[in-house]
Amino acid sequence: MGSVGSILRDIGLVTFGKYGQYVITLVTVPLLARMLGPHGTGLLAIGMSSYFIGSLAVDLGVTSFLAAKVPEDDPGHLEVNRLRGTYLAIRAATLTLIGTALLLSLAVGVAPKLHMVLLGLFAGGFWSISEDWLLIGQGRFGSSTMYQGVGRIGYLGLLVALIPRFPTASMALVCLLASSVCTVGLTWWDSFRRYGPPARPYGVKAVLRMAAPIFTSRLLVTGYGQGSAAVYGAVLEAASLGLYSAGDRLVRAIQSTLDPIGFALLPRMARRSTHDQFWRNQIQMLIGCVTLACLAVVAVWVLAPVLIHTIYTHDFDGAIPMLRVEILILPATTITSYVTTAVLPVKQDTLGVLIGAIIGTCVAAVALTAAWRTQSVWTLVYGTVSAEIGVALWYIIRVRWLMVRERTARRGPVEPDAALLSEGDLA
């Protein structure tokens, strides 16, 4: 898999670049909490949840799959430019639709929650128009980190300059959107310099067919994960969502330091997908990630009061018990993130991702129904924990099944019952 030093370097670069927004969030959260209060923080949580949904709606959740397909030997860059042109056409069309809806909402005037949803969708969608997926596919994590860093530092500067003057949740999202312009521009400048302009779209329908199960599964995952605040915002008070968001941001920030391990290993695993040691290496890395996650759970559970009082104010004391419960998802989200980033994309197992998403969505739907009846934010907390654990258990079963199937295939003909199980499994 390459030297340990190079792997750790790539993990660190992706951590700061791909998920650097969470690091910046930890720096700016005290400012936002004091300026916006629980109610404003709740509105911002709705907007940020919509941000992740908008990002997914534009990039279709296939960045890892496309990054794994970036060819190492492509004379004239014909194949990669055709892929770039097709992907750009799809993303630009979706972003245009979202932008049109946002402009119409500004013209007619809508409720604050709906405004935050539309603004978040557009901000997330605009970020996904970048060529960062191409950098990841090439293993150029240093360039990705540098471009991401420019945008994140710009976001921090805009927040510090504008939020004290315009203390609204909308302004916080506008700052995030404006900072994305630099990152998007730099990634496109890099791709033009290296590959030239993208080719005309070709095979759009084929890409959409490939993306359909992936997008569906990722949308379902986002709905019960990072996008849950936008979903539950329809039945819960903004202030309650603000308390939930206080703990959720800390959990997602810690999760973000573990997620990039899969991204950093993706190019290596794609090259070694047929090696005999593939599964052994994957399991070793997964066990290491889960161990780190468990240590983080213990630390956060003990330090929860200190973290909330230090980062937020005493107005957010109600977030302490919620944080102690939600942090329990960390080992589960670590398993899910690693498997869906570094294992299933390499094996092109779109059906496995889809089934996992359906499981999580079913659990979340039950929690949403309970929230509608009880009007309690605790249904969101328990629903999130239950959904994440259920999905992680499925991926453990899925990985085990894929390992057994490959070993059986190498030993000889597949038995009739195993053939039935594998029929149509891989997309």
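The values are calculated or read from the model by the stated rules, or taken from the named source; none is laboratory data. As the structure is a computational prediction, the values presented were derived from the model and not from experiment. We place every Cβ from the backbone using ideal geometry, glycine too, and count neighbours over all the protein chains shown.
Listing for the model above:
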{"read-out": "Qualifying residue in region 158-165 (condition: buried (at least 24 other Cβ atoms within 10 Å of the Cβ) and either within 18 Å of Val29 (Cβ to Cβ) or not basic (Lys, Arg) (or both))", "value": "no"}
{"read-out": "Matching option when the condition is among the hydrophobic types (A, V, I, L, M, F, W, C) and assigned to a helix (DSSP H, G or I), among Phe215, Phe166", "value": "Phe215"}
{"read-out": "Any hit, region 324-341, residues being surrounded by fewer than 22 Cβ atoms within 10 Å (Cβ to Cβ) and not in a helix (DSSP H, G or I)", "value": "no"}
{"read-out": "Every pair of residues 6+ apart whose Cβ atoms lie under 6 Å, when the first sits in region 265-292 and is more than 12 Å from Thr341 (Cβ to Cβ) while the second is at pLDDT 80 or above and of a type in the set (Ser, Thr, Tyr)", "value": "Val290/Thr334"}
{"read-out": "Top-ranked residue of region 373-404 - restricted to ones that are within 15 Å of Val221 (Cα to Cα) and of a type in the set (S, T, N, Q), ranked as surrounded by the fewest Cβ atoms within 10 Å (Cβ to Cβ)", "value": "Ser386"}
{"read-out": "Restricting region 68-87 to residues that are out of contact with any Asp or Glu (no Cβ under 9 Å at 6 or more places or on another chain), of a type in the set (A, V, I, L, M, F, W, C) and in a helix (DSSP H, G or I), the residue that is modelled with the highest pLDDT", "value": "Leu83"}
{"read-out": "Every residue from region 289-306 that is surrounded by 14 or more Cβ atoms within 10 Å (Cβ to Cβ) and within 24 Å of the chain's Cα centre (by Cα)", "value": "Cys289, Val290, Leu292, Ala293, Ala296, Val297, Val300"}
{"read-out": "Residues (in a loop (DSSP other than H, G, I, E, B), out of contact with any Ser or Thr (no Cβ under 9 Å at 6 or more places or on another chain) and in contact (Cβ under 8 Å) with a residue 12 or more places away in the chain) located in region 130-153", "value": "Gly139"}
{"read-out": "From Thr94, Thr100, residue being closer than 30 Å to Gly352 by Cβ and surrounded by fewer than 24 Cβ atoms within 10 Å (Cβ to Cβ)", "value": "Thr94"}
{"read-out": "Leading residue by the ranking (farthest from the chain's Cα centre (by Cα)) among those in region 217-237 that are surrounded by 18 or more Cβ atoms within 10 Å (Cβ to Cβ), under 21 Å from Ile90 (Cα atoms) and not small (Gly, Ala, Ser)", "value": "Leu220"}
{"read-out": "Search result, residues across region 158-192 that are more than 23 Å from Gly37 (Cα to Cα) and not small (Gly, Ala, Ser)", "value": "Val181, Cys182, Thr183, Val184, Leu186, Thr187, Trp188, Trp189, Asp190, Phe192"}
{"read-out": "Among the residues listed as Leu158, Leu208, Leu219, the single one being closer than 30 Å to Trp394 by Cα, in contact with a Leu (Cβ under 9 Å, 6 or more places away or on another chain) and at pLDDT 85 or above", "value": "Leu208"}
{"read-out": "The one condition in (1) within 30 Å of Thr168 (Cβ to Cβ); (2) modelled with pLDDT of 75 or more that Ala93 fails to fulfil", "value": "(1)"}
{"read-out": "Some residue of region 107-114 being β-branched (Val, Ile, Thr) and surrounded by fewer than 23 Cβ atoms within 10 Å (Cβ to Cβ)", "value": "yes"}
{"read-out": "Test set (1) farther than 16 Å from Gly227 by Cα; (2) out of contact with any Cys (no Cβ under 9 Å at 6 or more places or on another chain) - Leu330 fails condition number", "value": "(2)"}
{"read-out": "Options Ala270, Ala178, Ala172; residue that is over 30 Å from Pro321 (Cα atoms), at pLDDT 80 or above and of a type in the set (A, V, I, L, M)", "value": "Ala178"}
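The rows are residues; the columns are (1) crowded, with 19+ Cβ neighbours inside 10 Å; (2) without any contact (Cβ under 8 Å) to a residue 40 or more places away in the chain; (3) of a type outside the set (S, T, N, Q).
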| position | (1), (2), (3) |
| --- | --- |
| Pro167 | no, no, yes |
| Ser170 | no, no, no |
| Leu176 | yes, no, yes |
| Asp190 | yes, no, yes |
| Ala199 | no, no, yes |
| Gly203 | no, no, yes |
